[in-house]
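Report on the structure given below.
The values are calculated or read from the model by the stated rules, or taken from the named source; none is laboratory data. Remember, it's a predicted structure, so these values are computed and weren't measured experimentally. Because the Cβ atoms are built from the backbone with ideal geometry, glycine has one as well, and the counts that use them run over all protein chains shown.
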Amino acid sequence: MTRDGTLASLLGALTTAVAVSAILFVVGPASAHKTPVSREQLKSYEDAFMDAVKKGDLLFHGDAATAKTMGVNLSNSGMACAMCHPHAADTHPHTYPKFQAQIGKFSTLRDMVNWCIEKPMQGEQIEADSEAMRDLEAYIYWSNTGSVLTPGKY
Ligand code: HEC
């Protein structure tokens, strides 16, 4: 190897070392994720989840005021989710994603929520990433707490 070649590879190694240090400085070491969560933080995380569950519960039971606040119209048939799915019965969130015969395709839970909004409830489908969808999902999952994941099970 030439003198220049050695210098070049030395410089290369140095550049790599500087780049790695810069990344570690900005992102922090992997252990940063293991910083213990304080009691207050944990409480706020749980509150965020339960807030969504409560709003989802209201939507699921056809609360018009909540739907209006979120700008959604889930039903024009006078039906609410809870009339056919009391306590989120038969919503089976733990089986998604799976092939759903009603839709005729491999589907997510959100696809099926929209199917029920459009078909039995004759409402207007909601955006998959909307607040209303997130809250309905939170309520459905919370109601099915403890169910064993069986993705793909029809
Ligand atoms: C008029 C009755 C009715 C109403 C109201 C209704 N559903 Fe359904 N829902 C059904 C039927 C029927 C199925 C199909 C069951 C099947 O064969 O999977 C279903 C299926 C589902 C599934 C999939 C269940 C599975 O086993 O994969 C979800 C999730 C669901 N509904 C959520 C909702 C939500 C959320 C609402 C309100 C926005 C709602 N449903 C309103 C009747 C209803």
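Restricting attention to region 75-87, and to residues there that are closer than 13 Å to residue 123 by Cβ and in contact with a Phe, Trp or Tyr (Cβ under 9 Å, 6 or more places away or on another chain), which single residue is surrounded by the fewest Cβ atoms within 10 Å (Cβ to Cβ)? Filtering region 75-87 for residues that are closer than 13 Å to residue 123 by Cβ and in contact with a Phe, Trp or Tyr (Cβ under 9 Å, 6 or more places away or on another chain), the one surrounded by the fewest Cβ atoms within 10 Å (Cβ to Cβ) comes out as 80. Cβ-Cβ distances below 7 Å connect the following pairs, each with a first residue in region 54-69 that is surrounded by fewer than 17 Cβ atoms within 10 Å (Cβ to Cβ), a second residue that is at pLDDT 95 or above and aliphatic (A, V, I, L, M), and a separation of six or more residues or different chains: 61/80; 61/82.
A residue that is buried (at least 19 other Cβ atoms within 10 Å of the Cβ) and assigned to a loop (DSSP other than H, G, I, E, B) cannot be found anywhere in region 134-151.
Residue 112 meets the stated requirement of being near the ligand (Cβ under 6 Å from one of its atoms), over 19 Å from residue 64 (Cβ atoms) and outside any loop (DSSP other than H, G, I, E, B). Just to be sure I understand the filter: pairs with C-beta atoms under 6 Å, separated by 6 or more residues or on different chains, first member in region 75-94 and touching a residue at least 24 places away in the same chain (Cβ under 8 Å), second member crowded, with 16+ Cβ neighbours inside 10 Å and part of a helix (DSSP H, G or I). Which pairs pass? That search, which allows pairs on different chains as well, returns 81/60; 87/143; 88/140; 88/143; 91/140; 93/109; 93/140; 93/141. Determine whether region 116-134 contains at least one residue that is under 21 Å from residue 153 (Cβ atoms) and of a type outside the set (Gly, Ala, Ser). Checked against the condition, which is being under 21 Å from residue 153 (Cβ atoms) and of a type outside the set (Gly, Ala, Ser), region 116-134 yields at least one hit.
Check every one of the helices (runs of 4 or more DSSP H) wholly within region 1-104 and list those with 2 or more residues that are more than 10 Å from the ligand (Cβ to nearest atom), more than 28 Å from residue 129 (Cα to Cα) and at pLDDT below 95.
Values: elements: 3-27, 39-60, 64-70, 81-84.
Result: 3-27.
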